[in-house]
Structure formats: structure tokens, C-alpha cells
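The structure appears right after this line, and notes come after that.
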Amino acid sequence: MSKGDIRNLLSRDTRADRVVPPTGYTAHLTLFVSGAMAFLAVFALALSLASGRIADRWATELAGAATLRINAPTAQLAAQTEAALTVLRQTPGVASARALTGDEQAALLSPWFGPDLPLDTLPIPQLIEIVEGEPGLDAAGLRLRLGAEVPGAVLDDHSRWREPLVDAAMSLRRLGWVSILLIGGATAAMITLAANASLAANAQIIEVLRQVGARDRFIAGAFVRRFTYRALLGAAVGTLLGMTGVLLLPEASDAGGFLTGVGFQGGGWVLPALIPLLGAVVAFFATWTAARRKLKELS
Amino acid sequence: MIELENVSYTYGDGELLSNVSVELQPGSFHFLTGPSGSGKTTLLKLCYGALLPTSGRLSAFDQDISTLDRDQMALLRRRVGVVHQNCQFLDHMTLAENVALPLMVSGRSESSEHGDLTELLSWVGLGTRLDARPPELSGGERQRAALARAVILSPDVVLADEPTGNVDWEMSQRLLRLLIELNRMGKTVLFATHDLSLIRAAKSQIQARVLRISQRKLQLAGADL
Ligand SMILES: Nc1ncnc2c1ncn2[C@@H]1O[C@H](COP(=O)(O)OP(=O)(O)OP(=O)(O)O)[C@@H](O)[C@H]1O
Ligand SMILES: [Mg+2]
């Protein structure tokens with residue numbers, strides 16, 4: 001089937017569609033199925049886009065930073081910090097390393113212990129903030145060296161908790177895409193069923209059309225256009241409802257974290273508009289295949 | 001136009017037509033007669049490819065009909081106008097749309113031939129019933145509508161299967177006259193009927209051959225009619 005064929009099929013004089021009676025439950029079934037499926041597809045799409053965004057953000061925000069913690073008796077703390085900084089300065093892949101000041105450490109702790117914490121009387125480990133540079137930090141090598149030279153140092157390169165988070169977001173995105181594929185497949189199956197039912201119910205009409213010299217492509221075309229336009233209409237309504245639903249979700253905020261970030265952003269709003277087109281394409285091919293097969297069977 | 005050579009046809013176990021040979025010459029007028037159940041409809045169906053011969057050769061427009069694919073068969077149907085014994089229409093469409101159906105399926109614009117359509121329907125006496133639905137029509141009106149639909153593409157051959165099956169004598173005469181008129185316009189006509197008085201009535205108006213199916217054979221009927 002060439003591009004010209006498809007254009008012909010879709011643009012033939014619409015009066016020709018009247019040869020198929022416009023009523024019947026298959027009409028409602030197609031409208032409902034494509035509407036419901038489009039509605040679901042909007043959410044699956046929103047989910048995959050949002051989780052994709054989150055995966056990207058987490059991966060970039062958390063990569064490139066690491067923390068070194070020095071646990072040592074107060075007397076040795078300064079010396080070990082100095083030794084650690086020296087090691088870090090000589091380590092390839094460390095762009096900068098800086099010991100946090102007492103105030104900064106207090107600020108980090110105050111959400112947990114309140115503002116009046118007498119830091120100087122408590123044995124608080126010293127934190128060193130590391131910013132990674134090229135060619136990337138060899139965390140294992142650095143740990144080995146620190147183990148030998150700075151016994152109280154513990155390196156936290158954040159990968160321990162970064163990776164599962166990013167993985168989770170990535171799987172969520174994959175699940176979203178798989179859902180969209182499944183929705184497409186289910187739509188194709190349902191429309192094939194509806195088209196077959198419609199073709200069977202109109203066997204007599206097909207017989208009359210053949211008697212007066214209709215070719216298969218004419219008969220198939222009448223059914224294909226019916227189902228394609230119905231699917232387009234149903235999916236358009238379903239998509240609009242789905243997008244309204246997504247719009248009504250709360251705005252993304254820090255407090256809400258992931259859940260409130262589900263939605264479309266910027267150019268992402270254009271993507272759902274493709275859903276009705278996709279629905280129409282699915283209906284087109286499902287009906288076309290069903291019709292060709294049925295017409296062969298009826299001859 | 002249409003030529004049968006030793007054509008046999010068998011439904012299930014019973015042979016209905018046995019070694020039938022006949023040629024419909026261009027411009028000829030044939031009656032086809034025989035008792036009910038003798039195979040008149042079957043012979044017509046063979047002629048327009050709705051059935052394929054069990055044996056023998058049937059050619060239409062110099063093409064062996066058994067070699068045609070579905071598309072070619074559709075093109076053949078456009079060259080052979082058929083008035084079916086139980087003429088079927090699309091009940092959700094108007095009479096005018098039904099009669100114009102062959103135009104529509106062959107991709108010819110209906111509107112450009114709208115004048116012709118009204119003229120054609122007036123010719124069969126249905127000029128005022130353009131917007132009627134087929135179920136609202138009487139038996140005779142349906143037969144005439146079927147005739148109009150059969151000839152709208154100006155086919156070379158017209159096959160009419162009992163077009164006078166359920167109409168009165170007056171209307172039978174009228175339909176006969178329409179078919180004779182088509183024949184005078186150069187169409188090849190095959191008219192199946194078991195109404196012998198109609199055939200006798202036609203004899204004064206037209207040179208027609210009468211084919212009779214009797215005991216699975218096709219014979220040329222003589223003066224015994
Ligand atoms: N599809 C079919 N399957 C089996 N037998 C059939 C089929 N169609 C017709 N027949 C049988 O073939 C025989 C001839 O049928 P056909 O319709 O050709 O007769 P006909 O001469 O047109 O009769 P009528 O004058 O009543 O219209 C009949 O006995 C009929 O029962
Ligand atoms: Mg018959």
C-alpha cells in the first residue's frame with residue numbers, strides 16, 4: 001500500500017461512506033474504546049515524561065559531588081582534615097575540596113537538632129565537600145589511599161543511594177512506554193474486533209456492492225474511513241479529558257517531591273496531541289487488515 | 001459477448017446444467033425459459049461470474065471468466081448489467097442513491113450525471129420517487145428500479161432474471177418494452193422468464209431467440225411456443 005493509496009482511501013468523496021449504514025454498536029464501541037485508551041495513554045505519557053525528567057535531574061544533580069567525613073578524636077581532627085585535604089589535592093578527578101566551616105555544619109544539623117546546638121562541646125565529624133572534575137573520581141582508589149593515610153576518613157560518593165533512585169525513575173519511564181505500547185495493541189485488537197463485527201453484520205451490503213461492480217478497495221475504504229474517523233474523534237475526546245486531568249494535578253513543589261511532578265512541561269504539551277493521530281493510524285491499519293481478510297473470505 | 005462451451009454446473013451432488021453451449025452475439029435478444037428450478041438463475045449467475053462452471057469454458061468479452069481475479073471480476077460486473085430475481089437494495093439509502101450506486105462504486109461522480117439519473121428514473125416511470133427508500137417501493141417499482149440500476153453504467157449486456165416475476169400483465173409489458181428499447185440501443189439482452197405469454201407478446205416486436213432449459217440441457221425452442 002503506497003502513500004497515494006492511503007491518501008486516496010481517506011479522501012474519497014465522503015458520500016461513498018454512506019454505503020455502510022452509520023449505526024450499530026460497533027460505532028459506539030470504537031468511539032468508547034479509542035476514547036478510554038487515549039485517556040489512559042495521556043497518563044502513561046505524562047508518567048514516562050515526568051519520570052524521565054526526574055531520572056535526568058537526579059543523575060546530574062547527584063553526580064559530580066561527594067562528601068568526605070572525618071571521624072576522629074577532637075585533638076586529631078584538624079590534623080587529619082589537613083592530611084585528607086592534601087590527599088584530595090593530589091587526587092586526579094577532584095576539581096575542588098573544601099572543609100565545611102563550623103557554621104555550615106551547624107546549619108546542616110539544625111533541622112534535626114534545633115538551632116541552639118552547642119556544637120563545640122560535641123564530637124562532630126568534620127565534613128569535606130568534594131566537587132568532581134575530569135576525569136571523574138576513582139572512589140575505590142581514593143578510599144584505599146585515605147585508609148592508609150587518614151584513618152578516620154569515610155568517603156561518601158552518593159552513588160550508594162543515587163543509583164537505585166535513578167534506576168527507579170528509569171524503570172518508571174520504561175513502564176510508561178510499555179503501557180503506551182500495550183494501550184496501542186489493545187486498541188488495535190478491539191478495533192479489529194469491531195471492524196470484523198461490522199463487516200459481518202453488513203455482509204449483505206457487501207454482496208450488493210459487489211453485484212454492482214465494487215472493488216475490494218472501495219468496500220474496504222468505506223469501512224476504513226468510518227473506523228478511522230471514529231477512532232480519531234474518540235481519541236481526541238479521550239485525550240482532551242486526560243489532559244484536563246493532568247492539568248488539574250497539583251503543581252510540582254519541593255515538598256511534594258515526585259508525585260506532584262507528574263505532568264507535561266513546555267514542549268511536552270505537544271506530545272499528547274499526537275495520541276489521536278496515533279489512534280487514527282492504529283484504527284486505519286486494523287480496519288484495513290480486517291477488511292481485506294474478510295472480503296477475501298466472503299468472495 | 002458471452003460464450004458458453006460445454007458448460008456444466010453441479011450444486012453439491014446434483015448436476016443442474018450439463019454440457020451447455022450457447023453464444024450471445026452482440027446486439028442479440030434472448031429469452032431464457034424453463035420450469036421453476038430448472039437452472040435459469042444459475043445460468044445467469046454463471047454469465048456474470050457469480051458462479052464458476054464446474055466444467056467447460058465460459059468467456060465474457062473474450063476473457064475466460066475462471067481466470068479473472070476479484071478486481072477484474074468487478075470490472076466485468078460493470079460491463080454486465082444484472083436485474084436480479086430478488087433485487088437487493090441498500091435500504092438506508094434513497095432510491096436515487098441506490099440506482100446511482102454503480103456510478104459511485106466505479107468512481108464516477110454522481111452529480112455530473114444527475115440529469116441522466118433523473119432522466120433514467122423517468123424512463124422507468126420512477127421520476128417522482130427519487131427520495132423514496134427501497135422498502136417503501138412496490139414489487140413492480142423495485143423491479144423497475146433494479147432495471148435502472150442495471151443499465152446506469154451503460155453496460156454492453158443486460159441480464160434480466162424474472163424482472164416480471166411479481167408484477168401484473170400491464171407492468172410486465174412495460175418492462176418488456178424497456179428491455180426491447182435497450183436492445184434497440186444496441187445492448188445484448190438475456191431475459192429469463194417462465195412467462196410464455198410474454199414471450200409470445202414479444203415476438204411481434206422483436207427478433208428474439210428463445211432458449212429453454214429442459215432436463216439439464218439448453219435447447220433452442222422452436223415454433224411450439
Ligand atoms: N446455492 C445453492 N445450493 C444448492 N442448490 C441450489 C443453490 N441455488 C440453487 N440451487 C438449486 O438449483 C436448482 C435451480 O435453481 P435456479 O435458481 O437456477 O432455478 P430457476 O430456474 O431460476 O428457478 P425459478 O424459476 O424458480 O427462479 C434448484 O433446484 C435449487 O434448489
Ligand atoms: Mg430463478
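Dipole size in debye (nearest 20) for chain A around its Cα centre, Lys and Arg Cβ +1, Asp and Glu Cβ -1? Please report the intermediate quantities before stating the final value.
Working: 26 positive and 24 negative charges, 560 e Å.
Here chain A has a charge dipole of around 2680 debye.
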Review point. Taking the Cα centre of chain B as the origin and placing charges on Cβ (Lys, Arg +1; Asp, Glu -1), which of B:Q205, B:L121, B:A150 is farthest toward the positive end of the dipole?
Key: B:Q205
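Please report the antiparallel percentage of the DSSP beta bridges confined to segment B:118-225, to the nearest 5.
On the way: 4 of 9 bridges.
Bridges in segment B:118-225 are about 45 percent antiparallel.
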Study note, to complete from the structure: Sorting A:G102, B:L175, A:G185 by the position of each Cα along the dipole of the protein assembly as shown (Lys, Arg +1; Asp, Glu -1; all at Cβ), the one nearest the positive end of that ordering is B:L175
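Magnitude of the Cβ-charge dipole of the protein assembly as shown, K/R +1 and D/E -1, about the Cα centre, nearest 20 debye?
Values: 49 positive and 50 negative charges, 486 e Å.
With only Lys, Arg, Asp and Glu charged at Cβ, the dipole is about 2340 debye.
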Revision key, fill the gap. With the charge dipole of the protein assembly as shown built from beta-carbon charges (+1 for Lys and Arg, -1 for Asp and Glu) about the Cα centre, the Cα from A:G147, A:Q76, A:G52 projecting farthest to the positive end belongs to A:G52
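Compare B:H84, A:H28, B:H92 by solvent-accessible area with a 1.4 Å probe and give them largest first, with all protein chains kept in place. Write down the numbers at each step before the final one.
Details: B:H84 20, A:H28 125, B:H92 45 Å².
If we order B:H84, A:H28, B:H92 from most to least accessible, we get A:H28, B:H92, B:H84.
What number, rounded to the nearest 500 deg cm²/dmol, is the helix-based mean residue ellipticity at 222 nm of chain B, given -39500 (n - 2.57) per DSSP H run of at least four residues and division by all its residues?
Dividing the helical sum by the residues of chain B leaves -9500 deg cm²/dmol.
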Practice item. At 7 Å along the Cα-to-beta-carbon direction for both B:D69 and B:R133, put a label point, then send me their distance in nm to one decimal. Key: 3.9 nm
**Study point:** Test item: Cα-centred dipole of segment A:72-151, Lys/Arg +1 and Asp/Glu -1 on Cβ, debye
**Key:** 240 debye
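Taking a temperature of 4 °C and a viscosity of 1.567 mPa s, what whole-number D in µm²/s does Stokes-Einstein yield for chain A with Rh from Kirkwood over alpha carbon pairs? Could you put the intermediate results ahead of the total?
Values: Rh = 24.4 Å.
Rounded to a whole number, D works out at 53 µm²/s.
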**Study point:** Heavy atoms of A:L29: accessible area, 1.4 Å probe, square angstrom to 10
**Key:** 60 Å²
Practice item. Any chance you could check the Cα centroid distance between segment A:221-252 and segment A:72-118 for me, in angstrom? Key: 56 Å
Review point. To the nearest 10 degrees, how steep is helix A:216-247 against the longest Cα principal axis of chain A, on a 0 to 90 scale?
Key: 30 degrees
**Study point:** Label point at B:E119 placed 7 Å out along Cα→Cβ; residues across segment B:20-45 whose backbone nitrogen lies under 11 Å
**Key:** none
Study note, to complete from the structure: Per-residue accessible area, 1.4 Å probe, largest first, puts B:V210, A:V178 in the order A:V178, B:V210
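Heavy atoms only, 1.4 Å probe, whole protein assembly: order B:L153, B:L190, A:L144 by accessible area, highest first.
Values: B:L153 25, B:L190 5, A:L144 135 Å².
Sorted descending by solvent-accessible area, the residues read A:L144, B:L153, B:L190.
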Review point. A:L175 to A:R89: extension gain in nm, 0.36 nm per residue of separation minus the Cα-Cα distance?
Key: 26.6 nm
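The values are calculated or read from the model by the stated rules, or taken from the named source; none is laboratory data. In this text, all values refer to a predicted model and were calculated from it rather than measured experimentally. Glycine gets a Cβ as well: all are built from the backbone with ideal geometry, and neighbour counts include every protein chain shown. For the accessible areas, the whole protein counts, side chains as well, though only heavy atoms, and no ligand, DNA or RNA atoms are used. Shrake-Rupley method; radii C 1.70, N 1.55, O 1.52, S 1.80 Å.
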